[in-house]
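Data block below; observations after.
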Amino acid sequence: MDIKTFRNYGHRFVDWIADFYENIESYPVLSPLKPGEVKKKLPLSPPIEGEEMGRIFDDFQKIILPGVTHWQHPSFFAYFPANSSMPSVLAEMLTASLGAQCMVWQTSPAGTELEEVVMEWLRKMIGLPEGFTGVIQDTASTATLCALLCARERSTGFSVNSRGFYPDKEAQRLAVYTSTEAHSSIEKGVKIAGFGRENLRFIPVDEEFRMIPEELEKAIEKDRAEGVTPCCVIAALGTTSSLALDPLRAIGEITRREGVWLHVDAAMAGSAAILPEKRYIMDGAELCDSFVFNPHKWLFTNFDCSAFFVRDPGHLVRTFSINPEYLKTSVDMEVKNFRDWGIQLGRRFRALKLWFVIRSFGVKGLQEKIREHIRIAEEFAGWVREDPRFELVAPVSLNLVCFRYNPAGSKLSEDELERINRELLEELNLSGKLFLTHTKLAGKYTLRLCTGQTSTSLKHVREAWERIRTARAISAM
């Protein structure tokens with residue numbers, strides 16, 4: 001493709017993107033396609049000769065677009081937000097154009113130094129204490145794995161990196177602790193890091209689905225008595241199912257006393273800490289060793305961009321540093337080489353889109369967006385409380401409402417309630433007008449409505465509630 005053709009399609013694509021966002025509510029939120037429908041429209045073999053871009057773009061619109069679930073739709077209430085914004089999209093265009101590989105300072109000085117600056121901005125914005133240093137990872141799952149590996153090495157005097165684990169009776173057994181509501185990435189990280197699934201302790205939660213510190217303390221004491229070394233505790237500021245906030249200060253006091261690494265997973269909820277009135281969720285954060293939240297979840301910076309902070313970067317560097325001759329540079333002693341701060345060697349220029357977003361919105365603009373998302377979630381929760389056919393299944397801490405159909409005074413069994421709520425969820429999602437997901441809390445099949453997409457407003461939540469309360473699945477009940 002020559003420059004003239006590129007310029008032509010570049011303008012065309014930008015116009016299409018603008019139209020897409022302008023008209024996104026005309027698309028079904030959840031793709032209506034059935035498994036295999038996209039693949040059967042694609043050739044089995046690649047083209048021998050190059051194809052004209054207009055034809056490729058036409059196929060994108062005819063074949064690919066119908067198979068997309070629209071995470072940027074304002075009525076996307078499923079899972080968690082993975083929101084974007086116009087400044088972030090523009091920055092990604094520049095990032096793709098530069099094609100920078102930010103593995104060491106020399107390969108992209110601006111990539112490294114901008115990352116240092118925006119991570120310090122984020123630290124101040126969410127109220128993490130001075131002394132924490134940040135690095136951008138791809139996802140919170142990767143950041144948690146990094147924390148587990150650092151904890152493993154600190155607990156073993158950095159010997160596992162040298163000698164590995166040995167499956168004999170004299171080998172040191174290390175235990176990891178998290179709540180029964182923890183994200184599945186923790187179990188995966190425990191397996192990848194070599195701890196072994198049997199050494200992951202799930203700590204009970206209270207009636208609000210928060211880790212119980214006293215139970216954590218008991219589990220640590222039991223392990224020590226049995227010759228197992230407590231290694232890492234992973235607390236959640238916002239569990240995946242219900243956005244429960246673990247009591248961070250109480251947990252941190254235990255880990256400090258026991259000499260155990262404390263990692264805090266605040267993947268979505270961490271963004272709320274930029275609000276002065278929600279800063280209380282960070283109480284005790286000064287006691288942790290590492291902390292992660294995702295600007296790509298609720299800070300209008302498109303995927304992927306995960307902000308990982310550590311108290312002592314030396315643990316990261318000592319755990320991950322590999323220094324082959326071909327990566328050495330003359331300035332290594334003067335700069336940060338972020339290849340030594342995580343699993344990946346190759347690194348995208350993620351800091352650019354974060355910089356664009358923070359500068360474009362300003363802290364006040366970001367606060368206004370997040371504050372409104374919380375407000376409309378609380379309003380939705382109020383409607384649920386007022387309707388005797390529905391109930392809240394968990395406290396509403398921020399922007400997630402966990403609820404279900406369960407008429408007051410009914411004698412429906414849990415199996416019957418699950419069937420009805422499943423049918424309700426399927427009806428809503430098949431409409432294409434909104435998308436919700438479910439979980440189970442204390443054995444109860446629960447619907448989740450999460451308000452966090454960039455353009456979501458009270459109007460969209462009100463429309464969702466109208467569809468929920470008038471759905472056929474419950475109209476005859």
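The values are calculated or read from the model by the stated rules, or taken from the named source; none is laboratory data. Computed from a predicted model, the values in this text were never measured in an experiment. Note that we place each Cβ from the backbone using ideal geometry, even for glycine, and neighbour counts take in every protein chain shown.
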Inset, instruction - Could you tell me whether region 458-466 includes any residue that is without any contact (Cβ under 8 Å) to a residue 60 or more places away in the chain and closer than 17 Å to E386 by Cβ? - result: yes
Legend entry - Residue ID - surrounded by the fewest Cβ atoms within 10 Å (Cβ to Cβ), chosen from residues in region 433-477 that are over 19 Å from the mean Cα position of the chain (by Cα) and of a type in the set (V, I, T): T470
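Mind telling me which of the residues E214, E198 ends up being at pLDDT 95 or above and either assigned to a helix (DSSP H, G or I) or surrounded by fewer than 19 Cβ atoms within 10 Å (Cβ to Cβ) (or both)?
On the way: E198 fails: at pLDDT 95 or above.
When all the criteria are applied, what remains is E214.
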Inset, instruction - Considering each residue of region 98-133, count those that are modelled with pLDDT of 90 or more, of a type in the set (A, V, I, L, M, F, W, C) and within 24 Å of the chain's Cα centre (by Cα), and give that number. - result: 10
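Let's see how each residue does on (1) among the basic types (K, R); (2) over 27 Å from L400 (Cβ atoms); (3) in a helix (DSSP H, G or I):
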| site | (1), (2), (3) |
| --- | --- |
| N8 | no, yes, yes |
| I17 | no, yes, yes |
| V29 | no, no, no |
| P32 | no, no, no |
| G36 | no, yes, no |
| E49 | no, yes, no |
| Y79 | no, no, no |
| N83 | no, no, no |
Inset, instruction - For V363, indicate whether it is crowded, with 22+ Cβ neighbours inside 10 Å and either in contact with a Lys or Arg (Cβ under 8 Å, 6 or more places away or on another chain) or modelled with pLDDT of 95 or more (or both). - result: no
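Would you check which residues across region 101-110 are buried (at least 17 other Cβ atoms within 10 Å of the Cβ) and either over 10 Å from F349 (Cα atoms) or in contact with a Phe, Trp or Tyr (Cβ under 7 Å, 6 or more places away or on another chain) (or both) and list them? Give the derivation first.
Let us first name the residues in region 101-110 that are buried (at least 17 other Cβ atoms within 10 Å of the Cβ), namely 102-105, 107-108.
Selection gives C102, V104, W105, T107, S108.
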Legend entry - Residue selected from region 392-422 under the condition surrounded by fewer than 13 Cβ atoms within 10 Å (Cβ to Cβ) and touching a Lys or Arg at 6+ places or on another chain (Cβ under 8 Å), by the criterion farthest from R375 (Cα to Cα): E414
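For the subset of region 224-242 comprising residues that are over 13 Å from A182 (Cβ atoms), touching a residue at least 12 places away in the same chain (Cβ under 8 Å) and in contact with a helix residue (DSSP H, G or I) (Cβ under 9 Å, 6 or more places away or on another chain), which member is surrounded by the fewest Cβ atoms within 10 Å (Cβ to Cβ)?
Of all residues in region 224-242, those over 13 Å from A182 (Cβ atoms) come to 224-231.
From what is left, the residues that are touching a residue at least 12 places away in the same chain (Cβ under 8 Å) are 227-231.
Of the ones still in play, those that are also in contact with a helix residue (DSSP H, G or I) (Cβ under 9 Å, 6 or more places away or on another chain) are 228-231.
Values: V228: 17, T229: 15, P230: 25, C231: 25.
My answer is T229.
Hey, can you tell me all the residues within region 254-273 that are in contact (Cβ under 8 Å) with a residue 40 or more places away in the chain and either under 23 Å from E217 (Cα atoms) or hydrophobic (A, V, I, L, M, F, W, C) (or both)?
I254, V260, W261, H263, D265, A267, M268, A269, A272, A273
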Inset, instruction - Under 7 Å between Cβ atoms, at least 6 apart or on separate chains: pull out the pairs that start in region 24-48 with a residue that is within 21 Å of Y79 (Cα to Cα) and end on any residue that is part of a helix (DSSP H, G or I). - result: L30/N429; S31/P66; S31/G67; L33/P66; L33/G67
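Being of a type in the set (S, T, Y) and either under 23 Å from H296 (Cβ atoms) or in a strand (DSSP E or B) (or both) is true for just one of S410, S455. Which residue is that?
After applying the criteria, what remains is S455.
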Inset, instruction - For T319, state whether it is in contact (Cβ under 8 Å) with a residue 60 or more places away in the chain, of a type outside the set (F, W, Y) and either closer than 27 Å to L299 by Cβ or surrounded by fewer than 16 Cβ atoms within 10 Å (Cβ to Cβ) (or both). - result: no
Legend entry - Exclusive hit being hydroxyl-bearing (S, T, Y), touching a residue at least 60 places away in the same chain (Cβ under 8 Å), over 27 Å from T133 (Cβ atoms) and out of contact with any Asp or Glu (no Cβ under 8 Å at 6 or more places or on another chain), set S360, S397: S397
